[in-house]
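The values are calculated or read from the model by the stated rules, or taken from the named source; none is laboratory data. Everything quoted here is computed from the prediction, not taken from an experiment. Neighbour counts run over all protein chains shown; Cβ positions are idealised from the backbone, glycine included.
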Amino acid sequence: MSGPSLSGGEPITDKRQLVDYIAAGAKPRERWRIGTEHEKFVFRRDDLRPVGYDGPSGIRALLEGLMRFGWEPVYDADNLIGLKGGEASVSLEPGGQFELSGAPLDNLHQTCAEVQQHLKQLQPVCDELGLGLLGLGFLPQWTREDVGFMPKRRYAVMRNYMPKKGKLGLDMMLRTCTVQVNLDFASEADMVRKFRVGLSLQPVAVALFANSPFVEGKPVGYVSYRSHVWTDVDPDRCGMLPFVFEKGFGYERYVDWMLDVPMYFVYRDGQYIDCAGQSFRDFMAGRLPALPGATPTMSDWSDHLTTVFPEVRMKRILEMRGADGGPWARLCALPALWAGLVYDEDALAAAEDLTKSWTDEDRESLRLDAARLGLGARVKGRSLREIGMRVVEIARGGLRRRARLDSTGQDESHFLSALIETIESGRTHAERLVERYERDWGKSVAPVYHEEAY
């Protein structure tokens with residue numbers, strides 16, 4: 001989730017400003033970048049329990065330890081809640097999940113090196129504190145009550161509001177981890193194409209990266225329980241956004257949707273004012289119940305854009321959000337998949353062709369089935385294994401045509417290797433973990449903290 005809010009900015013007097021704000025994200029192809037974000041669970045090595053914020057081996061101590069590498073502190077009130085270094089940042093999810101928000105980089109060699117450097121910096125600090133880092137999509141052993149909230153004030157608003165909208169919102173906040181990639185678009189038309197392909201193929205990413213089969217110590221019947229959680233968080237701000245596929249969709253239609261998504265908060269004078277459930281439209285008219293007579297600024301709009309969680313989210317970039325957190329190789333495979341699909345014209349056209357006959361019902365059904373069945377889910381008579389094979393083939397071609405080479409002359413397509421292995425075997429990483437649980441681990445999830453640790 002996003003970092004601390006900023007007050008101020010240009011006053012909003014007209015909806016056109018909101019449209020122009022998003023439109024300003026468009027960039028020519030030569031300025032397209034790849035930004036990778038990944039979260040991991042922090043646990044105590046001695047008893048595998050989640051880690052609280054305070055204490056000599058808490059999350060705050062972990063942040064402080066990373067500052068030896070030149071990271072600058074980020075505070076919310078008096079609490080250290082993140083780090084900043086150039087265009088990259090480290091932030092905390094509500095349950096202490098540790099997130100790297102990577103810098104926007106030119107190629108996958110750079111973004112994968114950035115991930116590697118981050119984990120390399122974390123290792124000595126974790127060793128000193130007796131902590132471990134786990135790459136899974138859902139916390140495998142502990143209950144919601146075992147996880148403490150981090151002291152970010154925006155989370156207090158969300159914590160109170162989430163149970164009013166869905167049964168699993170607090171689980172999303174406290175017990176899930178994801179990896180996502182942020183991508184650019186050249187124009188409104190290019191954005192529309194990428195948005196539609198991204199939403200259509202998000203269930204493919206769910207299956208390929210499925211890595212959350214355990215809940216409270218047992219298999220739960222899903223290969224991606226994290227993806228299932230998102231189906232019962234908040235229908236106002238999550239899901240597959242059918243309107244994106246309607247004729248005439250563009251920046252303005254997305255803005256109209258955002259104006260109707262209920263707010264969480266307004267940040268004023270260093271305070272988060274609880275506006276949960278209230279309307280940004282009313283805010284623009286000076287009729288916000290929590291702030292009578294006040295009107296928004298562009299920083300309020302920027303904040304509001306971060307409070308929706310569809311399978312693809314638009315700000316001034318497009319965020320692909322369907323994948324579980326996972327092993328190191330998969331942290332590189334996710335941006336490789338999406339950059340290969342949408343940063344090459346031939347690949348984007350092939351992806352459009354692959355999904356052009358799918359209906360809203362097909363996409364929604366596939367989203368639900370992918371979380372439970374993984375590569376066995378089906379659409380239009382084809383399995384996700386078959387579709388995934390074609391998707392990875394398209395992405396590989398796109399990466400080869402991009403021809404971004406490392407110092408050895410290798411292009412970016414090798415980052416897809418982990419996905420090719422999954423497709424060839426027909427088994428998700430989650431299914432492999434369940435097999436180990438049944439066959440090798442004595443029906444205990446404790447070994448996963450060793451085998452899936454970074």
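Each row is one residue, and each column tells you yes or no for (1) at pLDDT 95 or above; (2) more than 28 Å from Glu64 (Cβ to Cβ); (3) surrounded by 22 or more Cβ atoms within 10 Å (Cβ to Cβ); (4) among the charged types (D, E, K, R).
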{"position": "Leu108", "(1), (2), (3), (4)": "yes, yes, yes, no"}
{"position": "Lys120", "(1), (2), (3), (4)": "yes, no, no, yes"}
{"position": "Pro140", "(1), (2), (3), (4)": "yes, no, yes, no"}
{"position": "Lys152", "(1), (2), (3), (4)": "yes, no, yes, yes"}
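Can you find a residue in the range 258-276 that is aromatic (Phe, Trp, Tyr), modelled with pLDDT of 95 or more, outside any helix (DSSP H, G or I) and out of contact with any Phe, Trp or Tyr (no Cβ under 6 Å at 6 or more places or on another chain)? Break it down stepwise before answering.
Of the range 258-276, the ones aromatic (Phe, Trp, Tyr) are 264-265, 267, 272.
Next cut, modelled with pLDDT of 95 or more only: 264-265, 267, 272.
Imposing the further condition that a residue be outside any helix (DSSP H, G or I) reduces the set to 264-265, 267, 272.
From what's left, out of contact with any Phe, Trp or Tyr (no Cβ under 6 Å at 6 or more places or on another chain): 264, 267.
Scanning the range 258-276, I find at least one residue that is aromatic (Phe, Trp, Tyr), modelled with pLDDT of 95 or more, outside any helix (DSSP H, G or I) and out of contact with any Phe, Trp or Tyr (no Cβ under 6 Å at 6 or more places or on another chain), so the answer is yes.
Only residues that are charged (D, E, K, R) and either assigned to a strand (DSSP E or B) or closer than 30 Å to Ile394 by Cα (or both): list them for the range 158-208, please. Explain how you work it out, then say what you get.
Quick first cut of the range 158-208, residues charged (D, E, K, R) only: 159, 164-165, 167, 171, 175, 184, 188, 190, 193-194, 196.
Passing the criteria: Asp184, Glu188, Asp190, Arg193, Lys194, Arg196.
Can you name the residue in the range 278-311 that is of a type in the set (D, E, K, R) and either assigned to a loop (DSSP other than H, G, I, E, B) or buried (at least 19 other Cβ atoms within 10 Å of the Cβ) (or both) and is also farthest from the chain's Cα centre (by Cα) among such residues?
Here is the first cut: in the range 278-311, the residues of a type in the set (D, E, K, R) are 281-282, 287, 300, 303, 311.
Checking which are either assigned to a loop (DSSP other than H, G, I, E, B) or buried (at least 19 other Cβ atoms within 10 Å of the Cβ) (or both) leaves us with 287, 300, 303, 311.
Working: Arg287: 33, Asp300: 22, Asp303: 17, Glu311: 9 Å.
Ranking the qualifying residues of the range 278-311, first place goes to Arg287.
Wholly within the range 24-109, which strands (runs of 3 or more DSSP E) include no fewer than the required count, namely at least 3 residues that are within 22 Å of the chain's Cα centre (by Cα) and either over 22 Å from Gly169 (Cα atoms) or among the hydroxyl-bearing types (Ser, Thr, Tyr) (or both)? Write out each step before concluding.
On the way: elements: 34-44, 72-76, 79-85, 88-92, 98-101.
Ranges flagged: 34-44, 79-85, 88-92.
For the range 110-142, which positions are hydrophobic (A, V, I, L, M, F, W, C) and either part of a helix (DSSP H, G or I) or more than 25 Å from Val223 (Cβ to Cβ) (or both)?
Start the filter on the range 110-142 by keeping residues that are hydrophobic (A, V, I, L, M, F, W, C), which leaves 112-113, 115, 119, 122, 125-126, 129, 131, 133-134, 136, 138-139, 142.
Listed by number, the residues that qualify are Cys112, Ala113, Val115, Leu119, Leu122, Val125, Cys126, Leu129, Leu131.
Restricting attention to the range 98-105, does a residue exist that is surrounded by 20 or more Cβ atoms within 10 Å (Cβ to Cβ), farther than 29 Å from Gly270 by Cα and at pLDDT 95 or above?
Looking for residues that are surrounded by 20 or more Cβ atoms within 10 Å (Cβ to Cβ), farther than 29 Å from Gly270 by Cα and at pLDDT 95 or above, one finds none in the range 98-105, hence no.
What residue, among those in the range 68-86 that are surrounded by fewer than 17 Cβ atoms within 10 Å (Cβ to Cβ) and touching a Leu at 6+ places or on another chain (Cβ under 7 Å), is farthest from Asn107 (Cα to Cα)?
Within the range 68-86, the match that is farthest from Asn107 (Cα to Cα) is Pro73.
So is Val244 modelled with pLDDT of 95 or more, among the β-branched types (Val, Ile, Thr), more than 26 Å from Ala377 (Cβ to Cβ) and within 20 Å of the chain's Cα centre (by Cα) or not? It would help to see each step written out before you state the result.
Details: modelled with pLDDT of 95 or more: yes; among the β-branched types (Val, Ile, Thr): yes; more than 26 Å from Ala377 (Cβ to Cβ): no; within 20 Å of the chain's Cα centre (by Cα): yes.
Taking the combined requirement at face value, the residue does not satisfy it.
In the range 105-155, what residues are among the charged types (D, E, K, R) and within 24 Å of His414 (Cβ to Cβ)?
If we filter the range 105-155 for residues that are among the charged types (D, E, K, R), which is where we start, we get 106, 114, 120, 127-128, 144-146, 152-154.
Passing the criteria: Asp106, Glu114, Lys120.
Kindly indicate whether any position in the range 436-444 is within 21 Å of Leu334 (Cβ to Cβ) and surrounded by fewer than 18 Cβ atoms within 10 Å (Cβ to Cβ). Spell out the reasoning first.
Pass one, the range 436-444, residues within 21 Å of Leu334 (Cβ to Cβ): none.
No: zero hits.
I'm checking my understanding of the structure. Among residues of the range 302-328 that are out of contact with any Gly (no Cβ under 6 Å at 6 or more places or on another chain) and among the basic types (Lys, Arg), which one is nearest to Asp184 (Cα to Cα)?
Lys315
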